[in-house]
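Have a look at the structure below, then the notes.
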Amino acid sequence: MPATLIFYLFATVLILAALMVISARNPVHAVLFLILCFFNAAGLFVLQGAEFLAMLLVIVYVGAVAVLFLFVVMMLDIDFKQLRQGFVRYLPLGALVGAVLLIEIGMMAVHWPTMAGAAAQTPAPAALGNAEAIGAVLYTKYWLPFQVAGLVLLVAMVGAICLTLRDRGQVVRQNVSVQMNRKRSDVIEIKKVPTGQGISDGGMA
Amino acid sequence: MVQIVVYALLAVAIIIPVLVGVAYLTYAERRVLAAMQMRKGPNVVGPFGLLQPIADGVKLLGKETIIPAGADMVLFIGAPILTFFLALSAWAVIPFDAKLVLADINVGILYLFAISSLGVYGIIIAGWASNSKYSFLGSLRSAAQMVSYEVSIGLVMITVLLCVGSLNLGKIIEAQREGWFVFRLFAPDGWAVGVPLLFPMAVVFFISALAETNRHPFDLPEGESELVGGFNTEYSSMSFALFFLGEYANMILLSAMTSILFLGGWLPPHDSVAFVPGFIWFALKIAAVLFVFLWVRAALPRYRYDQLMRIGWKFFLPVSLVWVVVVAAWQLFLMGPPA
């Protein structure tokens, strides 16, 4: 019984937070609600006994992706009036995408019993913990999709670097080995300054 | 219902020693630094100044809480609470002795990694909610720094896991019965001498831990010479105290992680001293790692920010990545996978 109660708690907070993501006025608050969503989703995973997936969700999405997301959103200078201007114009397109997703979820819910049959093709070995169970199929049966996913990420990364890397000319580069190998004698010169006479070269020799 | 009360009491039984540890870590820090700089340090309040942390705490709580006019109230107050909460919640999975652990979960090490990777939120939210340039710059620095060093911490953990074959913290400690991972010589069958395969990773882990906790020489997020106080510039009184406690609790936590991963956790150094309870060995190991934290602060000057990023991405990341492959190959081809 407590498990059911906790499920409804996580599920309710998840949906409310998801609603707040799209309705929050401040984009930083929206990202923080998104993080709350991820957390509750991780909680649902734990309730299903998938603690490995739950931890990965927290580490990858909350610990890394959302941090960078927050980082970018905080530094953007967003004008809300401008943002709301296109609302009516893009409403039909948004409604269409939303409707397609809703229909897809509906279809999945209707065909749930057959989905269970499809999932049964790769039964999870009962004796293994779920990290081992995932590892056992991920690197054997699904090695190709796994590698392709990695390659797609690599391409995306290279693409992002290509788009932003430009040679701006006068960039000062730090050469650490040169900095470290600098000798005291190269940069410091100690001179005795006779009282009342000074030194002729101003110490800049 | 009874179970919930029992768990709450157990949680208090962990939190109180942690908080006392935090209080006396601040005292130890001042005394150790003073000794290293040939000063006396706090020695007036109580015998040997031992009541100094309590006096400091009472003074801090008696101060007025100031909330800047332009601050985002909820987030401004929430950020230190989050930092403090995360610093304490990680202790739920730490094994203090063979059977002495609140939650013995299968993915213990991932839980610790997840919690420590969340620590950045407290700082980044504080910096943004303060609505101040110094705080914001401090929090951006901190976010970049912590995200960068998490990558190498994660890879170092993988090298340890490759030698253990389990994500459970208890099993990671048990696997070190034949020798702590920091000095363990990994010798394949028939080899006369072994190789200290994990020693370099222990060094990388410790240095990354310094960066992850924003400690010297990587304390740029609060570099007072440039940023006044960094992310906590606008904080005062209780909210500042929570940041302070969270930061020191994180130091103790990362020391505990270092001892679990590399120094054998609660295992005694030798069988002849096994009569001393495990949690005492664990505490001693944590204290030893913490001493190095303080020693580093006394010995090294602050890094420049580009140097910090450079060693994170251009040195630690490639080295630990290569080391994952080396350890995996060593285990697979020379020693056979762990049981």
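The values are calculated or read from the model by the stated rules, or taken from the named source; none is laboratory data. Just so it is clear, the structure is predicted and the values come from calculations on it, not from any experiment. All Cβ positions, glycine included, derive from the backbone under ideal geometry; neighbour counts span all protein chains shown. Keep in mind that these areas ignore ligands, DNA and RNA; they rest on the heavy atoms of the full protein, side chains included. Shrake-Rupley method; radii C 1.70, N 1.55, O 1.52, S 1.80 Å.
Just for the range B:32-71: of the residues that are among the aliphatic types (A, V, I, L, M) and more than 27 Å from the chain's Cα centre (by Cα), which one is least open to solvent (accessible area, probe 1.4 Å)?
The residue in question is B:Ala71.
Quick test of your reading of the structure: B:Tyr303 fulfils all but one of (1) open to solvent by less than 90 Å² (accessible area, probe 1.4 Å); (2) aromatic (Phe, Trp, Tyr); (3) in a helix (DSSP H, G or I). Name the failing condition by number.
That leaves (3) as the condition not met.
For the range B:130-145, enumerate the residues that are open to solvent by 10 Å² or more (accessible area, probe 1.4 Å), at the interface with chain A (Cβ under 9 Å from one of its Cβ atoms) and of a type in the set (A, V, I, L, M).
Scanning the range B:130-145 gives B:Leu140, B:Ala144.
So in the range B:150-179, with the set limited to residues that are in a loop (DSSP other than H, G, I, E, B) and of a type outside the set (Gly, Ala, Ser), which one is farthest from the other protein chains (Cβ to nearest Cβ)?
This residue is B:Glu178.
For A:Met74, state whether it is at pLDDT below 85, touching a Phe, Trp or Tyr at 6+ places or on another chain (Cβ under 7 Å) and part of a helix (DSSP H, G or I).
It is true that A:Met74 is at pLDDT below 85, touching a Phe, Trp or Tyr at 6+ places or on another chain (Cβ under 7 Å) and part of a helix (DSSP H, G or I).
Take the range A:22-53 and flag every residue that is polar (S, T, N, Q) and outside any helix (DSSP H, G or I).
If the condition is that a residue be polar (S, T, N, Q) and outside any helix (DSSP H, G or I), then A:Asn26, A:Gln48 are the ones that fit.
Tell me, please, whether a residue that is in contact with a Leu (Cβ under 9 Å, 6 or more places away or on another chain) and either surrounded by fewer than 14 Cβ atoms within 10 Å (Cβ to Cβ) or at pLDDT 90 or above (or both) can be found in the range B:307-317.
yes
Output the number of the condition that B:Trp180 fails; it satisfies all remaining conditions of (1) open to solvent by 50 Å² or more (accessible area, probe 1.4 Å); (2) without any contact (Cβ under 8 Å) to a residue 24 or more places away in the chain.
So B:Trp180 meets the others, but not (2).
Can you tell me which residue among B:Phe96, B:Phe113 is within 11 Å of chain A (Cβ to nearest Cβ) and either at positive phi or aromatic (Phe, Trp, Tyr) (or both)?
B:Phe113
For the condition under 27 Å from B:Met146 (Cβ atoms), open to solvent by less than 30 Å² (accessible area, probe 1.4 Å) and at the interface with chain B (Cβ under 9 Å from one of its Cβ atoms), what is the one hit in A:Ala54, A:Ala24?
When all the criteria are applied, what remains is A:Ala54.
Test B:Val156 against the stated conditions and say whether it is open to solvent by 40 Å² or more (accessible area, probe 1.4 Å), under 21 Å from the mean Cα position of the chain (by Cα) and at pLDDT 90 or above.
No.
Give the range A:51-76 a look and list any residue that's touching a residue at least 40 places away in the same chain (Cβ under 8 Å) and out of contact with any helix residue (DSSP H, G or I) (no Cβ under 6 Å at 6 or more places or on another chain), or say none.
Across the range A:51-76, the qualifying residues are A:Glu51, A:Leu76.
Which one is least open to solvent (accessible area, probe 1.4 Å), of the residues in the range A:155-175 that are within 14 Å of chain B (Cβ to nearest Cβ) and under 20 Å from A:Val65 (Cα atoms)?
So, considering only residues that are within 14 Å of chain B (Cβ to nearest Cβ) and under 20 Å from A:Val65 (Cα atoms), the one least open to solvent (accessible area, probe 1.4 Å) is A:Ile161.
Here is a check on your reading of the model: is A:Leu32 modelled with pLDDT of 90 or more, within 14 Å of another protein chain (Cβ to nearest Cβ) and farther than 19 Å from A:Asn130 by Cβ?
So A:Leu32 passes the test.
Please work out which one of (1) open to solvent by 10 Å² or more (accessible area, probe 1.4 Å); (2) part of a helix (DSSP H, G or I); (3) facing chain A (nearest Cβ under 9 Å); (4) not polar (S, T, N, Q) is the condition B:Gly127 fails and give its number.
(1)
Identify all residues within the range B:318-327 that are among the aliphatic types (A, V, I, L, M) and open to solvent by less than 40 Å² (accessible area, probe 1.4 Å); write none if there are none.
B:Val324, B:Val327
State yes or no: is B:Leu82 closer than 27 Å to B:Arg302 by Cβ, within 12 Å of chain A (Cβ to nearest Cβ), in contact with a helix residue (DSSP H, G or I) (Cβ under 7 Å, 6 or more places away or on another chain) and open to solvent by 10 Å² or more (accessible area, probe 1.4 Å)?
Answer is yes for this residue.
Say whether the condition of being facing chain B (nearest Cβ under 9 Å), closer than 26 Å to B:Leu82 by Cβ and either more than 16 Å from the chain's Cα centre (by Cα) or aromatic (Phe, Trp, Tyr) (or both) is met by at least one residue in the range A:78-99.
For the range A:78-99, residues facing chain B (nearest Cβ under 9 Å), closer than 26 Å to B:Leu82 by Cβ and either more than 16 Å from the chain's Cα centre (by Cα) or aromatic (Phe, Trp, Tyr) (or both): absent.
Tell me which helices (runs of 4 or more DSSP H) are completely within the range B:196-300 and hold 2 or more residues being in contact with a Gly (Cβ under 9 Å, 6 or more places away or on another chain) and surrounded by 17 or more Cβ atoms within 10 Å (Cβ to Cβ), or say none if there are none.
Hits in the range B:196-300: B:199-212, B:237-262, B:278-299.
For B:Phe113, state whether it is open to solvent by 20 Å² or more (accessible area, probe 1.4 Å), closer than 16 Å to B:Gly246 by Cβ, of a type in the set (Phe, Trp, Tyr) and under 22 Å from the mean Cα position of the chain (by Cα).
So B:Phe113 fails the test.
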